Structures are given as C-alpha cells and as structure tokens.
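The values are calculated or read from the model by the stated rules, or taken from the named source; none is laboratory data. As the structure is a computational prediction, the values presented were derived from the model and not from experiment. Here the Cβ is made from the backbone with ideal geometry for all residues, glycine too, and neighbour counts use every protein chain on show. The accessibility values were calculated without ligands, DNA or RNA, using every heavy atom of the protein model including side chains. Shrake-Rupley method; radii C 1.70, N 1.55, O 1.52, S 1.80 Å.
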Amino acid sequence: MPTNIFTHIPSRLPEELVEIIQTGDRVRIERIVSRGHASPKGFWYDQDDHEWVLVLTGAATLLIEGQPDPVRLRPGDYLNIPAHTRHRIENTDPKQETVWLAIHY
C-alpha cells in the first residue's frame, strides 16, 4: 500500500518530527517535519554520513560553516551536505510545516 509523505502530521509539534521511511545497507531515508524549529543555540550538526535534503513544503534557512551567507531553501530546493560539514538549521517557517526528505548515505 502506498503511503503519502504529507499525511499523519501531528497538529502540535513541540519538537521536530523525524521518521525513518526506509533503510538499507548504506542508506537511510527520513521524513522530517518542522514548524518554526531551529537548531539549539550553539549546536552544529557534524555527521559521519553525507546528507541530501529536499524541501517539499515550507521553507528553511541553514548555516553552513565556512560559507559567508545563509542557505535559504524553498519547495523544490535541494542540497547535498558532505559528511563532517558542520551545519545548523537557523530557522524554519513558523506558519506552516516544512516537510523535508533527507537521504543519509
């Protein structure tokens, strides 16, 4: 049975929702739902795997260490973040869900 990536989103999201959709030997696919969420102050992701992200709805702003300007993502925008590239979510749209598709490989 097919599943829709836009269904089963809680009306309240006290914290970002991360759901693993599929895993394989060297890949993990996640649905992430944000609504006004951001990385904690001073926190930077530094992941062992590469991460490819696609924004399906909403909007987000990322900071990537070493880049002078923030990266703004809107629906349809995607970005590959190489392993050990420090980055953080500066903000996501507070008025609607930002639905991400993230592939860790």
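Using the Cα gyration tensor of the chain, with a ≥ b ≥ c the square roots of its eigenvalues, what is the shape: rounded (a/c below 1.5), prolate (a/b larger than b/c) or oblate (neither)? Oblate, since a/c reaches 1.5 and b/c is not below a/b.
So how do 51-61, 9-19 stack up, highest first, on mean other-Cβ count within 10 Å?
Details: 51-61: 18.5, 9-19: 11.0.
Final packing ranking: 51-61, 9-19.
With only Lys, Arg, Asp and Glu charged, each at its Cβ (+1 for the first two, -1 for the last two), find how big the charge dipole of the chain is about the Cα centre; round to the nearest 20 debye. Can you show the working numbers first?
Working: 11 positive and 15 negative charges, 63 e Å.
It comes to approximately 300 debye.
The slack in the chain from Lys95 to Phe43, taken as 0.36 nm per residue of separation less the alpha-carbon distance, amounts to 16.4 nm. Heavy-atom accessible surface of the chain, averaged per residue, reaches 64 Å², computed with a 1.4 Å probe.
Sort 77-87, 30-40 for me by packing, meaning the mean count of neighbouring Cβ atoms within 10 Å per residue, highest on top. Could the numbers behind the result be given before it?
Numbers: 77-87: 14.4, 30-40: 18.2.
Put in order of decreasing packing, that is 30-40, 77-87.
If you count, for each residue, the other Cβ atoms within 10 Å and average over each peptide, how do 69-75, 88-94 line up from highest to lowest? Before the final figure, lay out the partial values.
Numbers: 69-75: 13.3, 88-94: 17.7.
Descending mean neighbour count gives 88-94, 69-75.
First compute the accessible area of the chain with a 1.4 Å probe, then give the percent of it belonging to carbon and sulfur atoms. Don't skip to the answer; put the middle values down first.
On the way: 3520 of 6770 Å².
Result for the chain: 52 percent of the exposed heavy-atom area is carbon or sulfur.
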